[in-house]
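The values are calculated or read from the model by the stated rules, or taken from the named source; none is laboratory data. Treat the numbers as computed from the prediction; the structure is a model and nothing was measured. Neighbour counts are summed over all protein chains in view; Cβ atoms, including those assigned to glycine, are modelled from backbone coordinates with ideal geometry.
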Amino acid sequence: MSQSPTQSPIPRMPAGPTFRVAAGLLCLFLVVQIALVALHYAPLLQKDIVKKITAAPAPQVMATAPLAPQPVAQSTPPPATAAEQLDEALMEKIRRLVEDSDRAFRIGDYDVGMAKIQEADRLLPGDPGVMLRIGRLHEKKGDMPAAAESYKKVLELPGLSTELRAQTQRKIGMLNLPESTPVPTVVASEAGADVRDEFGLQPGASLGIIETRLSDAPKEAKNLRISIKARPNQSIDPRQMAVHVFFYERDQTGQIQLTSSQVLTEWISPPVDWSNNEPELLNAVYTPPAKSDFTYAGYVVGIYYKNDLQDTRADPGALAVDHPLPLYLSSQP
């Protein structure tokens, strides 16, 4: 009997019930083993996955370019308030009063100088420069107790410099009055407030008029002796200095005017070199006309150096107020 080509040459054994039961048990055992393995390794696998996820680098975010800084508009200073403008106007007024007082002092008009500086003291109380000026004006007017009182008030100021304290105490000592107890000093608002220093000159002046003496001469003439001193150890060029002497007359109506009479000036002991730190003497002679309706009224003297007014004297002082000298000369006479 021939075999089909598709048939296996080995005959298959018939599968009985026992074989089927054994195969089923084997499959069940395999499934249980796989489940147990899965239950054992699943937590470890989960931890590893979580660890890898957390260790992965965070996604990069492209930073946006910062905004360019916007230009800041420069603010203009606010306009001065009304109070600030008032303060500036007040200080300017005080400065003018002090300058007017100093000018009146230089020409010998002490009453006007006192009125100006007292007004400044009312506007700016407790200023050492103003108070020292009041004291020296009292001194020039001959009221020594009032001068001493003013100087003592300066010493009582809490913010006084060593320079001003020493200067004030020196002024009190010259009045032959007991000195006040020295007070601690810090900083002064104004240094060198006293117009005259220890040399008798104004601060910054190269030349000064130390004294003037008027005496009568024959035929109603007047001799005016002017003592002029240079600052010690300062070189003075005589070509740069000028002394102006003006005599005034009063007519029958009481009007005062500059004399048309001849005025002669000469140095007492030439040559004038200013090298020995001693005063030089200038003599001025006023000679009225033989027949005149004018009478002598006074004089005004001014000394200039390098075209700047250095010092003045006048008698009476009001004469210099009515006929003031220029503070500067446009050119040498």
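For the range 293-313, a tally of residues being closer than 16 Å to ALA217 by Cβ and at pLDDT below 90 returns 1. Of all the listed residues (THR265, THR253), the sole one being surrounded by fewer than 16 Cβ atoms within 10 Å (Cβ to Cβ), of a type in the set (Ser, Thr, Tyr) and within 26 Å of SER330 (Cα to Cα) is THR265. For first residues located in the range 200-219 and under 13 Å from LEU309 (Cα atoms), partners that are among the aromatic types (Phe, Trp, Tyr) and lie 6+ apart or on another chain with Cβ distances below 9 Å form the pairs ALA205/TYR305; SER206/TYR305; LEU207/TRP274; LEU207/TYR304; LEU207/TYR305; GLY208/PHE199. For the range 291-331, how many residues meet the condition of being touching a Lys or Arg at 6+ places or on another chain (Cβ under 9 Å), among the hydroxyl-bearing types (Ser, Thr, Tyr) and surrounded by fewer than 16 Cβ atoms within 10 Å (Cβ to Cβ)? Residues in the range 291-331 being touching a Lys or Arg at 6+ places or on another chain (Cβ under 9 Å), among the hydroxyl-bearing types (Ser, Thr, Tyr) and surrounded by fewer than 16 Cβ atoms within 10 Å (Cβ to Cβ): 1 in total. Say whether the condition of being under 33 Å from the mean Cα position of the chain (by Cα) and modelled with pLDDT under 60 is met by at least one residue in the range 194-213. Yes, the conditions are met somewhere in the range 194-213.
Every residue, every condition in (1) under 30 Å from THR253 (Cβ atoms); (2) under 37 Å from the mean Cα position of the chain (by Cα), yes or no:
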| residue | (1), (2) |
| --- | --- |
| VAL285 | yes, no |
| PRO288 | yes, no |
| SER292 | yes, no |
| TYR296 | yes, no |
| VAL301 | yes, yes |
| TYR304 | no, yes |
| ASP308 | no, yes |
| ALA320 | yes, yes |
| TYR328 | no, yes |
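Taking LEU90, is it farther than 23 Å from LYS152 by Cβ, in a helix (DSSP H, G or I) and at pLDDT 85 or above? It is true that LEU90 is farther than 23 Å from LYS152 by Cβ, in a helix (DSSP H, G or I) and at pLDDT 85 or above. Annotation note: Cβ proximity below 6 Å between a residue of the range 88-107 that is closer than 28 Å to VAL300 by Cα and a residue that is in a helix (DSSP H, G or I) and charged (D, E, K, R) (sequence gap 6+ or interchain) occurs for LEU97/LYS116; LEU97/GLU119; ASP100/LYS116; SER101/LYS116.
The single residue among LEU164, LEU137 that is out of contact with any His (no Cβ under 6 Å at 6 or more places or on another chain), at pLDDT 90 or above and closer than 22 Å to ARG95 by Cβ turns out to be LEU137. Scanning the range 262-305 for residues that are closer than 25 Å to PRO316 by Cα, touching a residue at least 24 places away in the same chain (Cβ under 8 Å) and of a type in the set (Phe, Trp, Tyr) gives TYR286, PHE294, TYR296, TYR299, TYR304, TYR305. Checking ASP322, ASP293 one by one, the residue that is of a type in the set (D, E, K, R) and under 25 Å from VAL112 (Cβ atoms) is ASP322 and no other.
Inspect all residues belonging to the range 119-134 and state whether any of them is closer than 22 Å to GLY302 by Cβ and surrounded by 20 or more Cβ atoms within 10 Å (Cβ to Cβ). Yes, the range 119-134 contains a residue that is closer than 22 Å to GLY302 by Cβ and surrounded by 20 or more Cβ atoms within 10 Å (Cβ to Cβ). Residues in the range 93-123 that are in contact with a Leu (Cβ under 8 Å, 6 or more places away or on another chain) and not in a helix (DSSP H, G or I): ILE107 alone. When SER330 is tested against (1) under 24 Å from MET241 (Cβ atoms); (2) without any contact (Cβ under 8 Å) to a residue 40 or more places away in the chain; (3) polar (S, T, N, Q); (4) assigned by TED's automatic domain parsing to the domain that holds PRO232, exactly one condition is not met: (4).
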